[in-house]
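Working notes, structure below.
The values are calculated or read from the model by the stated rules, or taken from the named source; none is laboratory data. Just so you know, these numbers come straight off a predicted model, no measurement behind them. Backbone-built Cβ (ideal geometry, glycine too); neighbour counts: all protein chains shown.
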Amino acid sequence: IAVLADMLELGADEREFHRRIGKYLSENKISALFAFGKLSEYYIENFQGDFKMHFTDKQSLLDELRRYIQAGDVILIKGSRGMALEEISDGLREGN
């Protein structure tokens, strides 16, 4: 499971870089993508996994992620520092 937020400060090609990540995730058998932020919708365009959803607020993402995950799942959480995704990992650990 990948939880990805915007990659910030990429310049003019920022949308294309996000699309490439979506394709890369599909090619590497990532089953689910939870995307957060304005630019993260471009991850979704090229992602072909079993589940994909775009979020504009972290609490909705966290709520849906909690419903989706199962014991044994591996979750990658990554985004630009400015997106503060530690709130998601902290929320999963703390149950908030």
If we scan the range 30-45, do we find a residue that is under 19 Å from ASP73 (Cβ atoms), of a type in the set (A, V, I, L, M) and in contact with a His (Cβ under 7 Å, 6 or more places away or on another chain)?
yes
Cβ-Cβ under 6 Å pairs, at least 6 apart or on other chains, the range 47-70 side over 23 Å from GLU16 (Cα atoms), far side of a type in the set (Asp, Glu):
LYS58/GLU87
Test set (1) of a type in the set (A, V, I, L, M, F, W, C); (2) at pLDDT 90 or above; (3) touching a Leu at 6+ places or on another chain (Cβ under 6 Å) - PHE17 fails condition number
(2)
